[in-house]
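Take a look at the structure below.
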């Protein structure tokens, strides 16, 4: 609140827009794809880390999403993974490899602040 203006603290409307005024419309591309709003301020130095993060997320999400799609398309084939001994061993091996990969990636990508 500016000095000399009356009213309670924080009740100053001098610098704020009118609550009855329509907000400015954003360009169509920014309304359709909100991510484009941040492209102008994007720093190229973080591109490598961002790409590596995207690849890591894709590598972790792909096996799980593929399993869901296969279970939906052909449940009999996916039942073999859970009922047969070899299928159970393959699931355990996949879990171990995912865990090892997670910790390995964490060591590779140490972000220093």
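The values are calculated or read from the model by the stated rules, or taken from the named source; none is laboratory data. All of these numbers come straight from a predicted model, not from anything done at the bench. Cβ coordinates were reconstructed from backbone atoms using ideal geometry, including for glycine residues, and neighbour counts include every protein chain displayed.
Filtering the range 60-81 to residues that are touching a helix residue (DSSP H, G or I) at 6+ places or on another chain (Cβ under 7 Å) and over 26 Å from residue 103 (Cα atoms) leaves 70, 71, 77, 78, 80. When 66, 51 are checked against the criterion of being within 21 Å of residue 108 (Cβ to Cβ) and in a helix (DSSP H, G or I), 51 stands alone in meeting it. Scan the range 35-44 and give yes if some residue there is loosely packed, with under 11 Cβ neighbours inside 10 Å, modelled with pLDDT of 85 or more and within 19 Å of the chain's Cα centre (by Cα), otherwise no. There is no residue in the range 35-44 that is loosely packed, with under 11 Cβ neighbours inside 10 Å, modelled with pLDDT of 85 or more and within 19 Å of the chain's Cα centre (by Cα).
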